[in-house]
Structures are given as C-alpha cells and as structure tokens.
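Visitor: Pasting a structure below so you can have a look.
The values are calculated or read from the model by the stated rules, or taken from the named source; none is laboratory data. Just so we're clear, the structure is a prediction, and the values are computed from it rather than from any experiment. Here the Cβ positions follow ideal geometry from the backbone for every residue, glycine too, while neighbour counts run over all protein chains shown. When the accessible area is computed, the model is the full protein with side chains, heavy atoms only, and any ligands, DNA or RNA have been set aside. Shrake-Rupley method; radii C 1.70, N 1.55, O 1.52, S 1.80 Å.
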Amino acid sequence: MKTATRALTWPVLLLVAAILAMVTALAPQAHAAGGLDEAAAALKKSPVYVDPRATGTFSTAEADALAKKIKDSGKPVFVAVLPQAAEYPPASLLANLRTKVGISGVYAVELGDGFNAGADPRVMSRNSVHNLVGAVKGSQYKTVGERLNSFVDTAGAQASGHAPAGWDGGGSGSGGTGAAIGIGALVVVGGGGAYALARRNRKKKEEQERAALEDLRVVVDEDITAFGEELDRLDFTPGERGADDAMRADYSHALDAYESAKSAMAAARRPDDVQAVTKALEDGRFSLATLAARREGKPLPERRVPCFFDPRHGPSIVDVQWAPDGGAARTVPVCAADKTRLDEGLEPMTRTVRTEHGDRPYWDAGPSYGPWAGGYFGGSMLPGLLMGTMLGSMMMSSPAHAAGFG
C-alpha cells in the first residue's frame, strides 16, 4: 500500500516542483528588468502591455478586451501603453521595443498622451503605417481606449502574417507575476488546455473569415456576371473580316481573364483571396477596351485604373476633382459617362452594396470591402482615393510620424 502511495505521489510532487520553478524563474525576471525589457517580455506572451504606472489611463479590463480582439484577428499586432519616463526615450522607443520583442509585426505605443506606431515591411508597408497613424491622430479620440481600438481594428484588417504562437496562453500584460501564474495553471490542466484554446481561437477566426467572404461573394459574383454579359454582347469573332492577330490576342486575353476570375473566386477561402478576382476582371476589361480601339481604328487607350464610382464601367479616361458627402475633395479616375454626368451637375452612377443599414456606396460600406477594391485600384492608390470615407477612414494621409523596421 505504501509503495502504491509513493508511486502516485511522486508525479504530483514533480509537477508541483516544476510549477514552482517556473513561477520562481519567470516572476522575478518580469519585474527585475523594468522598462523596455519588461514590456518586451510581456509582449512575447500577450499582444497588449500596460506599464503599471499607466493603468490610470488604460485599465486592466480594457487591456484584456483589446488583447482578446487582437488574438481573435490572428494578426501580429502589438500594443504598449507606457508613461512618459526616462526608460522610454521617444526617439528610439519603437525601434528598440521591436528589437527586444524580436517578432515581426505592427507595433503601437501610447506614450503619455502621445501615440505612434511602426511595422516590419513584410507585415505592413511604411506608407500604410504612416497613413494609419495619421488617421488615428486626425480623429482626435477623447480616450486612449478609443484610439487604440480604432488602430487595432484597421491594423488587424490590413496586416499580413500571423499572431505568434506564444500568445495562445497569455492574457494582457500588466505585470509578470500574473503571466507566470497563468502559465503554471496551464501546466496543471495539461497541454490539452492550451491546445483547446488555440483551436477555439482558430475556429472563431475561420468562422469570421467565412462570413466576411460570403458577404463579398455577392458583390464579386455580380462583377463576374457583368463581365460575362459584356463578352456575350461583344460583336466580335476571331475569324471575321478585318480581324488581325492583335485583335484576336485581346479577345483571347479577355476570355482568359473571365475564366481566371471564376476560378479564383471558386478557390477563394479568405476575404483577401477576392483581390485576385477583381484584379483579373480589371485586366479583362482593359483588354476589351483595347480591342474596341483596334476595331474602330482609334489610338490604343492608356492603361488606367477602372472608374472610381463603379469599376464595372471599365477603364477610366480622366481624373477629376470630387468630394464625398462630408469629406474633402480629392482626385479620382472616372469613365466618360460619369465625367459627363459630373460636368452636367448630376450624381455619378455609383456602385452600391448591401449593408445592415441598407444599400450604400462601396466606399461607405466598411473595411470588409478593402480586398475587393484593392484588386481594382491597387493598394498604393487606395488611401488617396478613399480618404474621408468609411472604407478609407484608416488609410487617409495626414501629418504623422511612423516607423518602418528593417
């Protein structure tokens, strides 16, 4: 009987010893280093770190909610809320924090009453970060929570890459002891608990992406159908009199683009996959415009992006000044029909999409339409085109300082 008891006790004692060793090892490290070392150590375990001296401006509950939002997005977005202190020199803060964490991502820092962000180029371009910081500063949010949540919402939608595996078991970081105890608790319940949490988060993210993709599918299928109808109405056959090899090449390219768009949509599994579909449709419509010019004996059209108001109108012919309701004027590319309507004081023929608030122009339907618009207009043009709209609210250009790592 005693032998059996000893056999059962040893594993338990070993487990307790391991937990105590982990807590002892981790807790002093979190507090002994201080400053950037402590912040970096916390960010390796959780996407949000709040210096204990800054909890008055951003509470633990707010930090936990923000950390959950970032984890649910599955993107490498890091947030640190810090006081103005000697250990946090503003000039080198972002770069040094990124170096100490050692993980590629988007880093946002709330330092005192100032805000700034930076990113690794493979996660988000410097220009995109610059626009994002400018949008957050320009919005003049009244609280730190509003500012950080706004930043995270858009950074999570735009950033590339995946959240680090080290976040699976951690909460927000506002001190090292809690994190160490949390890790000890995971040891007690076993590796299955961490695996279940990661699996649940992954499943939730997949469900969100599927829902977003289904919303986009309606709009993209309309675009594919519209392009197919254009091909059906096209009065051209490769063997007709006057047709040459260049015309046949344009026609063949348009057909290939149509098939590519259908195939890409059928294979789409995430919202970002939609960008390949609309890029193929844009390419096909330009081929049709080139074919039309050849048949009519006109100069070949300049390669331009589609009409801003509705990409189904085909390539734009000119840039004009236009302002959305309540927004600043900007230069947008338009087709001939919409230019005529604007010249006559009429509203352009705008592409609308279904939202929970009714039909709205695509640029006021929210960031979920970013991949759809990105395929048509390209990422570099979107911030200027969409500035001051809901879709572009976090892409607008504004005076800001943002860092690029690497």
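Visitor: Consider only pairs whose beta carbons are under 7 Å apart and that are at least six residues apart or on different chains; among these, list those whose first residue lies in the range 190-217 and is open to solvent by 90 Å² or more (accessible area, probe 1.4 Å) and whose second residue is at pLDDT 60 or above and in a helix (DSSP H, G or I).
Guide: These pairs meet every condition: ASP215/SER368.
Visitor: Given the conditions (1) within 30 Å of GLU209 (Cβ to Cβ); (2) among the hydrophobic types (A, V, I, L, M, F, W, C); (3) open to solvent by 30 Å² or more (accessible area, probe 1.4 Å); (4) touching a strand residue (DSSP E or B) at 6+ places or on another chain (Cβ under 7 Å), and given that CYS307 satisfies all but one, which numbered condition is not satisfied?
Guide: (3)
Visitor: Being among the β-branched types (Val, Ile, Thr), crowded, with 18+ Cβ neighbours inside 10 Å and in a helix (DSSP H, G or I) is the filter here, so list the residues in the range 86-123 that pass it.
Guide: Once the filter is applied, which keeps residues that are among the β-branched types (Val, Ile, Thr), crowded, with 18+ Cβ neighbours inside 10 Å and in a helix (DSSP H, G or I), the range 86-123 yields only VAL101.
Visitor: Follow-up. I'd like the residue in the range 328-349 that is aliphatic (A, V, I, L, M), touching a residue at least 12 places away in the same chain (Cβ under 8 Å) and not in a helix (DSSP H, G or I) and, out of all such residues, is farthest from TYR376 (Cα to Cα). Spell out the reasoning first.
Guide: Quick first cut of the range 328-349, residues aliphatic (A, V, I, L, M) only: 328-329, 332, 334, 336-337, 342, 346, 349.
Among the residues that remain, those that are also touching a residue at least 12 places away in the same chain (Cβ under 8 Å) are: 328, 332, 334, 336-337, 342, 349.
Checking which are not in a helix (DSSP H, G or I) leaves us with 328, 332, 334, 349.
Working: ALA328: 22, VAL332: 13, VAL334: 13, MET349: 17 Å.
This residue is ALA328.
Visitor: Kindly provide the set of residues from the range 262-282 that are under 20 Å from PRO306 (Cβ atoms) and among the charged types (D, E, K, R), ordered by number.
Guide: LYS262, ASP272, ASP273, LYS279, GLU282
Yes/no matrix, rows are residues, columns are (1) open to solvent by 60 Å² or more (accessible area, probe 1.4 Å); (2) in a helix (DSSP H, G or I); (3) assigned by the TED database to the domain that holds PHE236:
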| position | (1), (2), (3) |
| --- | --- |
| PRO299 | yes, no, yes |
| VAL320 | no, no, no |
| ARG360 | yes, no, no |
| PRO371 | no, yes, no |
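Visitor: Would you call ALA63 at pLDDT 90 or above, part of a helix (DSSP H, G or I) and open to solvent by less than 20 Å² (accessible area, probe 1.4 Å)? Before you say what the answer is, go through the steps one by one.
Guide: On the way: at pLDDT 90 or above: yes; part of a helix (DSSP H, G or I): yes; open to solvent by less than 20 Å² (accessible area, probe 1.4 Å): yes.
The answer is yes for ALA63.
Visitor: Sort out which residues of the range 124-152 are part of a loop (DSSP other than H, G, I, E, B) and surrounded by 23 or more Cβ atoms within 10 Å (Cβ to Cβ), and write them in order of number.
Guide: Narrowing the range 124-152 to residues part of a loop (DSSP other than H, G, I, E, B): 124-125, 140-143.
Passing the criteria: only MET124.
Visitor: Give all pairs with beta carbons closer than 7 Å in which a residue from the range 350-370 that is modelled with pLDDT under 80 meets a residue that is part of a helix (DSSP H, G or I) and open to solvent by less than 10 Å² (accessible area, probe 1.4 Å); count only pairs at least 6 apart in sequence or on separate chains.
Guide: So the pair list comes out as SER368/LEU216.
Visitor: When ASP325 is evaluated against the numbered criteria (1) in a helix (DSSP H, G or I); (2) assigned by the TED database to the domain that holds TRP372, which criterion, by number, is the only one it fails?
Guide: (1)
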